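Novice: I am attaching a structure below and will ask some questions about it afterwards.
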Amino acid sequence: MLKRYLLAPGPTPVPPEVLLAMARPMIHHRAPEFDPIFAEVRAGLQWLYQTRSDVLMLASSGTGGMEGSVSNFLSPGDKALYVNSGKFGERWGKICKTFGIHATEIKVEWGHAVDPQQVADALKTDPSIKAVYVQASETSTGVSHDVKALGEIVKGYENTILVVDAITALGVFDIKTDAWGLDVVITGSQKALMMPPGMAFVSVSDKAWAAADKAKNGAFYFNFKKERENQAKNQTAFTPAVSLIIGLQEALKIMKAEGLENMFARQGRLARATREGVQAAGLNLFPKESPSDALTAVCAPDGIDGQAIYKNLRVQYGMTAAGGQDHLKGKIFRLSHMGYADSFDVIAALAATEMVLKGLGHPIKLGSGVGKAQEILMVQK
Ligand SMILES: *Cc1c(COP(=O)(O)O)cnc(C)c1O
């Protein structure tokens, strides 16, 4: 037997309370018992998002929320700007292209964060840009972007909205949707929300609703205006992911019991222990700046294939982490610590990483990274 550990940056582990809630017999989404559940989850999402705006719930993976955030706010021929610092930033460009949007790319070298001044300059040069698309945490490189600074910049443009893919950020570190002027914030169920895959969430500011009113909407299923009307009445336009919404009610209870501050502190502590642990083991972090607290991207040591590390973690020790994507394939591996994670997930990940590397012939002192993490994670009385 091999006990399984899920250390991938999505899907992430789901707490037993959430799994049990989802195992309850099916209820009908138009029946009265669904109403209070939906209402509680709506309010809980506003709490998590730190917003007074509606947070729409969609039955799709996170990308559905991204797609809807292009199709609902822009019309074919409109101009947009997007930050491409990795696999998910690149996706903004592909979605814009699909909907006939003229999107200008700010290309950022993988492992780096965008310089907000570049966004400021681009908007100054062309104030007709209707939307700026960015990731709060670029999962392919493990780097976070300063969306607070971007909010400050975009606020100054009446007809430009800021759309933030916070799929590996919301619930991991502080994202103040309203206070920072983030017009549209997207997340998915299977990352920090401690849920299985299958739902996307999108908050929409008044400024973004105004943009939606002007846009020639090409969306049928991901029609945000139609969803807003329905969800205000605790309904959805189409059949919702009933079991997932019931699971989310439970996940939000767990998050509320911990509180936002404590949750961000825990996630930050796990991230720091992982980062310092891998470095104490003699490895290098991939991010050159602003590492995301959601996951840690680690460079494979010279002469060792990153894919072999990823594969051996899984095959030898039952740990599913992640490798690198595109040109980073074989060069890095990624350990997630977002969502339902604690000290011993990090310690297990570091211990297994050390064992795999030693097994691959890399000179590593067993326990070097683990010891460092233990120092950071020890409860200080
Ligand atoms: C996981 C993820 C997504 C969405 O991916 P789906 O597979 O559609 O859920 C988008 N952006 C980021 C940054 C992600 O980590």
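Novice: Suppose only helical runs count, i.e. DSSP H with n ≥ 4. What mean residue ellipticity at 222 nm does that imply for the chain under -39500 (n - 2.57) per run, divided by all residues and rounded to the nearest 500 deg cm²/dmol?
Specialist: Computed mean residue ellipticity for the chain: -13000 deg cm²/dmol.
Novice: By how many degrees, 0 to 90 and rounded to 10, does the Cα axis of helix 260-280 deviate from the longest principal axis of the chain?
Specialist: For helix 260-280, the angle is close to 40 degrees.
Novice: Additional query: Determine the sum of side-chain charges near ALA113: Lys and Arg each +1, Asp and Glu each -1, restricted to other residues whose C-beta is under 14 angstrom from that of ALA113.
Specialist: That works out to -3.
Novice: Hey, another quick one. From the square roots a ≥ b ≥ c of the eigenvalues of the alpha-carbon gyration tensor of the range 259-377, which class results: rounded (a/c under 1.5), prolate (a/b over b/c), or oblate?
Specialist: Working: a/c = 1.70, a/b = 1.42, b/c = 1.19.
Verdict is prolate for the range 259-377.
Novice: How long, wide and thick is the range 130-199, going by the Cα atoms along their three principal axes, in whole angstroms, largest first?
Specialist: Principal-axis extents of the range 130-199 (Cα, largest first): 38, 23, 20 Å.
Novice: If you take the beta carbon distance between ASN284 and LEU20 as r and set R0 to 35 Å, what does 1/(1 + (r/R0)^6) give as a FRET efficiency, to the nearest 0.05? Numbers along the way, then the final one.
Specialist: Numbers: r = 41 Å, r/R0 = 1.18.
The calculated FRET efficiency here is 0.25.
Novice: Sticking with this structure for a sec: Once amide H atoms are built 1.01 Å from N in the peptide plane, which residues 5 or more positions from ILE106, or in another chain, come under 5 Å H to H?
Specialist: TYR82, VAL83, ASN84
Novice: Grab the alpha carbons of the range 318-381, take their convex hull, and tell me the volume per residue in Å³.
Specialist: Output value, Cα hull per residue: 107 Å³.
Novice: Sorted by average packing, counted as other Cβ atoms within 10 angstrom per residue and highest first, what order do 144-155, 213-224, 322-333, 270-281 take?
Specialist: Ranking the peptides 144-155, 213-224, 322-333, 270-281 by packing returns 270-281, 144-155, 322-333, 213-224.
Novice: Given +1 on the Cβ of Lys and Arg, -1 on the Cβ of Asp and Glu, and no further charges, what dipole in debye does the range 2-81 carry about its Cα centre, rounded to the nearest 20?
Specialist: 260 debye
Novice: Let me ask something else. Under 15 Å from the Cβ of GLY282, count the other residues' Cβ atoms, weight Lys and Arg +1, Asp and Glu -1, and hand me the total.
Specialist: So the environment of GLY282 carries a net charge of +1.
Novice: Sticking with this structure for a sec: Hey, how many Å between the Cα centroid of the range 272-288 and the Cα centroid of the range 97-162?
Specialist: 28 Å
Novice: Here's another thing I want to ask about it. Placing unit charges on C-beta atoms (Lys and Arg positive, Asp and Glu negative, everything else neutral), compute the dipole magnitude of the range 81-155 about its Cα centre in debye, rounded to 20.
Specialist: About 300 debye.
Novice: Pulled fully out, how much extra length does the chain show between LEU2 and GLN316, if you take 0.36 nm times their separation in residues and subtract their Cα-Cα distance?
Specialist: Roughly 112.2 nm would be gained on extension.
Novice: Residue by residue, what Karplus-based ³J(HN,Hα) values in Hz, rounded to whole numbers, does the range 122-130 have, using 6.51, -1.76 and 1.60 with θ = phi - 60° and x for Gly and Pro?
Specialist: Ordered by residue, 3J(HN,Hα) equals 5, 6, 5, 5, 9, x, 7, 4, 8 Hz.
Novice: So, one more: Charges on Cβ only, +1 for Lys and Arg, -1 for Asp and Glu, centred on the Cα centroid of the chain; of LEU2, ALA80, SER290, which one is farthest towards the dipole's positive end?
Specialist: LEU2
Novice: What list of ³J(HN,Hα) values in whole Hz, one per residue of the range 235-251 in order, does the Karplus curve 6.51 cos²θ - 1.76 cosθ + 1.60 (θ = phi - 60°) give from phi, with Gly and Pro shown as x?
Specialist: Along the range 235-251, the couplings run 10, 10, 5, 10, 4, x, 7, 3, 5, 5, 5, 5, x, 5, 4, 6, 4 Hz.
Novice: Residue separation times 0.36 nm, minus the C-alpha to C-alpha distance between ALA265 and MET378: what's the value?
Specialist: Value of the extension gain: 39.3 nm.
Novice: Excluding LEU248 itself, calculate the net charge of residues whose Cβ lies under 11 Å from the Cβ of LEU248, where each Lys or Arg counts +1 and each Asp or Glu counts -1. Numbers along the way, then the final one.
Specialist: Details: positive: ARG42, LYS253; negative: GLU40, GLU250.
That sum, taken over residues with Cβ under 11 Å, equals 0.
Novice: Per 0.36 nm of contour for each residue apart, how much would the distance between ALA31 and GLU152 grow if the chain were fully extended, relative to their Cα-Cα spacing?
Specialist: 39.2 nm
Novice: What are the semi-axes of the equivalent ellipsoid for the range 172-284, taken as the square roots of 5 times the Cα gyration tensor eigenvalues, largest first, in whole Å? Intermediate values should be presented prior to the final figure.
Specialist: Values: eigenvalues 218, 68, 40 Å².
Over the Cα atoms of the range 172-284, the ellipsoid semi-axes are 33, 18, 14 Å.
Novice: One-quarter of the Cα convex hull surface for the chain, in nm²?
Specialist: 19.0 nm²
Novice: Further question on the same structure: For the range 33-114, what size does the Cα cloud have along each of its three principal axes, sorted from largest down, in whole Å?
Specialist: Rounded to whole Å, the extents work out to 47, 31, 22 Å.
Novice: For the charge dipole of the range 88-133, defined by +1 on Lys and Arg C-beta atoms and -1 on Asp and Glu C-beta atoms about the Cα centroid, which residue among VAL108, ALA131, ILE95 has the Cα displaced farthest towards the positive pole?
Specialist: Of the listed residues, the answer is ILE95.
Novice: Size of the dipole of the chain about the Cα centre, Lys and Arg at +1 and Asp and Glu at -1 on the beta carbon, nothing else charged, in debye to 20?
Specialist: So the dipole magnitude of the chain works out to roughly 640 debye.
Novice: For the range 179-237 and the range 6-76, compute the distance between their C-alpha centroids and round to whole Å.
Specialist: If we compute the Cα centre of each part, the gap is 10 Å.
Novice: So, one more: Can you tell me the Rg and the Dmax, both Å, for the Cα atoms in the range 187-241?
Specialist: Reported Rg and Dmax, both Å: 12.7, 36.
Novice: Moving on. With each label point set 7 Å from Cα along the Cα-Cβ vector, what nm distance links LYS94 and TYR221?
Specialist: My value for the distance between the label points is 1.6 nm.
Novice: Could you name the lysines whose alpha carbon sits less than 24 Å from that of LYS191, not counting residues in the same chain fewer than 8 places away?
Specialist: LYS3, LYS87, LYS94, LYS148, LYS176, LYS253, LYS256, LYS288, LYS311, LYS329, LYS331
Novice: Rank TYR157, SER205, LEU182 by how far each Cα sits towards the positive end of the charge dipole of the range 120-220 (+1 on Lys, Arg Cβ; -1 on Asp, Glu Cβ) and give me just the farthest.
Specialist: SER205
Novice: Applying the Karplus parametrisation 6.51 cos²θ - 1.76 cosθ + 1.60 with θ = phi - 60° to the phi angles of the range 9-15, what ³J(HN,Hα) value in whole Hz is obtained for each residue in order, glycine and proline being reported as x?
Specialist: x, x, x, 10, x, 10, x
Novice: Moving on. Of all DSSP beta bridges located in the chain, what percent are antiparallel, nearest 5?
Specialist: Rounded to the nearest five, the antiparallel share is 50 percent.
Each value in this text was obtained by applying a stated rule to the coordinates, not by laboratory testing. Every value quoted in this text rests on a predicted model; they were computed, and no experiment measured them. We place every Cβ from the backbone using ideal geometry, glycine too, and count neighbours over all the protein chains shown.
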